[in-house]
Amino acid sequence: DAGITQSPRHKVTETGTPVTLRCHQTENHRYMYWYRQDPGHGLRLIHYSYGVKDTDKGEVSDGYSVSRSKTEDFLLTLESATSSQTSVYFCAISVGTDGTEAFFGQGTRLTVV
Amino acid sequence: GNSVTQMEGPVTLSEEAFLTINCTYTATGYPSLFWYVQYPGEGLQLLLKATKADDKGSNKGFEATYRKETTSFHLEKGSVQVSDSAVYFCALSANTGGFKTIFGAGTRLFVKA
């Protein structure tokens, strides 16, 4: 079974500080994603990766950057955190026979004060 | 672009009641359709999927049929239980363009004993 570990699970940070969230997978899946979850919006894609050093923007990428230097790790960085980035962040990988199914981590709750 | 629209919640039902959560989609091509469920404090997990028109996905007593003519994928259960209380997300994903998953806003279900 695919395994995803997100760290940290909870974080409180101050406005203007940089923050990095980590997603680690154990199965060498090619595609990885970062979503944010906000009430009334469902999950919205921030960035995704289709291989080492290959990344692309999602629908809400402003203020975020990502890096993938190893297949198993996908990092999300908030370059200068703002209160509007208070959210729950989920990492996912693409699984299933046709690759369309998403498997999610447990989420990181980030509060920017 | 691709999008998913699902009925707003919350939906409150008594135990053993019939459940319907409506979902419609807009997409180019032939996406796969999904229902994901999120229990309190957890990440999303796949509930069921359908990969082509007229397919019926089913799991844990829940069902949904891929209707291409009405672009719909409504979730149904004949008799809900208190343990079904959760947030339900309709979603689509195509096996092109990075296998990105597009989510609806989510519908919260409360089931009373």
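Whenever a residue of segment A:30-50 is without any contact (Cβ under 8 Å) to a residue 12 or more places away in the chain, its partners that are among the small types (Gly, Ala, Ser) and in a loop (DSSP other than H, G, I, E, B), lying with C-beta atoms within less than 8 angstrom and at least six residues away or across chains, give the pairs A:GLY40/B:ALA105; A:HIS41/B:ALA105; A:GLY42/B:GLY104; A:GLY42/B:ALA105; A:GLY42/B:GLY106. Residues of segment A:18-31 that are more than 21 Å from A:THR111 (Cα to Cα) and at pLDDT 95 or above: A:HIS24, A:GLN25. For segment A:33-43, what are the residues that are of a type outside the set (S, T, N, Q) and at pLDDT 95 or above? Once the filter is applied, which keeps residues that are of a type outside the set (S, T, N, Q) and at pLDDT 95 or above, segment A:33-43 yields A:TYR33, A:TRP34, A:TYR35, A:ARG36.
Residues that are charged (D, E, K, R) number at least 1 in the following strands (runs of 3 or more DSSP E) confined to segment A:1-69: A:10-13, A:19-25, A:32-38, A:42-51, A:54-57.
Scanning segment B:7-22 finds no residues that are aromatic (Phe, Trp, Tyr) and at pLDDT below 95. Residue pairs whose Cβ atoms lie under 8 Å apart, sitting 6 or more positions apart in sequence or on different chains, and linking a residue in segment A:87-107 that is more than 7 Å from chain B (Cβ to nearest Cβ) to a partner that is part of a loop (DSSP other than H, G, I, E, B) and acidic (Asp, Glu), are A:ILE93/A:GLU27.
Every condition in (1) touching a Gly at 6+ places or on another chain (Cβ under 9 Å); (2) more than 11 Å from chain A (Cβ to nearest Cβ) holds for B:VAL87 except the one numbered (2).
Select the strands (runs of 3 or more DSSP E) contained entirely in chain B, then report the ones holding at least 1 residues which are in contact (Cβ under 8 Å) with a residue 40 or more places away in the chain and buried (at least 21 other Cβ atoms within 10 Å of the Cβ). Talk me through it step by step, then tell me what you get.
Details: elements: B:3-6, B:11-14, B:19-21, B:23-26, B:32-38, B:44-50, B:56-59, B:62-65, B:75-77, B:86-93, B:101-103, B:107-112.
Correct list: B:3-6, B:19-21, B:23-26, B:32-38, B:44-50, B:62-65, B:75-77, B:86-93, B:101-103, B:107-112.
The values are calculated or read from the model by the stated rules, or taken from the named source; none is laboratory data. Only a predicted model underlies this, so the values are computations on that prediction, with no experimental measurement involved. Counting neighbours? That spans all protein chains shown, and the Cβs are built from the backbone with ideal geometry, glycine included.
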